[in-house]
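What follows is one structure encoded as structure tokens, with my remarks underneath.
The values are calculated or read from the model by the stated rules, or taken from the named source; none is laboratory data. Since the model is a prediction, treat every value here as computed from it, not as a measurement. Please note: Cβ atoms are built from the backbone with ideal geometry, for glycine as well, and neighbour counts cover all protein chains shown. Accessible surface areas use protein heavy atoms only, side chains included; no ligands, DNA or RNA. Shrake-Rupley method; radii C 1.70, N 1.55, O 1.52, S 1.80 Å.
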Amino acid sequence: MYRPDRNGRGILRINEMIRRNDIRNIAIIAHVDHGKTTLVDGLLRQGRIFRENQPVAERVLDSNDLERERGITIMAKNTAVTYRGVKINIVDTPGHADFGGEVERVMNMVDGVLLLVDAVDGPMPQTRFVLRKALQAGHRAIVVVNKIDRPNARPNHVVNETFDLFIELGATDEQAEFATIYTNALKGVAGRSPLKIHDSLEPLFDAILDQIPGPQVDPDGPAQLLVTNTVYDDYKGKILIGRLRRGTLRKGQAVARIARDGSVIPAKVSQLFVFNGLDRNEIEEVAAGDIIAIAGIGDASIGDTIADAQCPEALPSIAVEEPTVRMT
Ligand code: GDP
């Protein structure tokens, strides 16, 4: 592709990959009740207030009071928070046995994971399955030891157990050198050591920025997105969720939908959204690396590729398995 650079000089670009430093895409893994909802609430709340102009500690305390009154307990599948100018997309993973390949699809969309473990219970059977998939996908994890305020908390022991689990699941040396952050999600506080807890979740935000790579993308290539999930909206119909791998997409753009059987069907993006807190915000154009939602292509299914109309290249599809029914 030949296009002028900012100074008007022509430059030749051939599938040039860049790493976006303004985005992090992470999945969150936790056994039920270990505090995932509470932690994500805290991240969303603090991400919002870090942008205001008041000392962080005061604001966190204020907002915790508000939070207790409102008692938000929603855990949306896709949320996003901005910290120090970096947008962090947080994708939930199913904590239970998963027959539909959802975990693989989520792992395909992110560049790293938060593994949340309770400071008393330690890693539980249900976290193993998802962690194994994360490690197989080559991701690095940040281990978040939560509920350090519990009377019988044994954070160091829990970290050792978690390390053993990584080794058992075949973690590489790099994956086994995970960063550990200790949290009391209920209070919205975190630290790099259980004995040195900061009065906000900043150490966790910082670890996400430091430990999880930004998405690597070809920003100028033809648009390409794998439909990773779908949700139904009463007004907009089926909405497609995925990570834009390459290029840009615009509202109103004519695209190609490549079905899993390889057929190419013309389609049109009627609306585009990015995630912001618990909401979806409509935008005009989006660049590769972000996790987005698309309305207007209601006949698409999970595993389809949405691509540039002139360059309809399919991404490798991901398993959408049906549950195995055993006949006896
Ligand atoms: P999820 O099932 O993983 O989403 O867990 P929740 O966020 O719903 O939390 C489960 C329970 O643990 C709730 O009663 C929370 O208030 C509580 N909880 C979460 N984080 C902490 C924490 O850091 N300390 C204590 N003591 N309780 C917590």
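Here the spin labels are modelled as points 7 Å beyond Cα on the Cα-Cβ line, and at Gln310 and Glu16 they lie 1.9 nm apart. For the stretch 129-147, the residues whose backbone nitrogen is under 20 Å from a point 7 Å from the Cα of Leu195, taken along Cα to Cβ, are 145-147. Within the full protein context, the accessible area of Asp220 is estimated at about 40 Å² for a probe radius of 1.4 Å. Please give the per residue accessible area of the stretch 127-197, computed with a probe of 1.4 Å over protein heavy atoms only, in Å². Averaged over the residues of the stretch 127-197, the accessible area is 51 Å².
Note on Lys77: accessible area approximately 80 square angstrom, rounded to 10, probe 1.4 Å, nucleic acids and ligands left out. The length gained by stretching the chain between Met124 and Ile167 to full extension, at 0.36 nm per residue less their Cα-Cα distance, is 13.9 nm. Taking only protein heavy atoms and a 1.4 Å probe, the accessible area of the stretch 78-210 is 49% carbon and sulfur.
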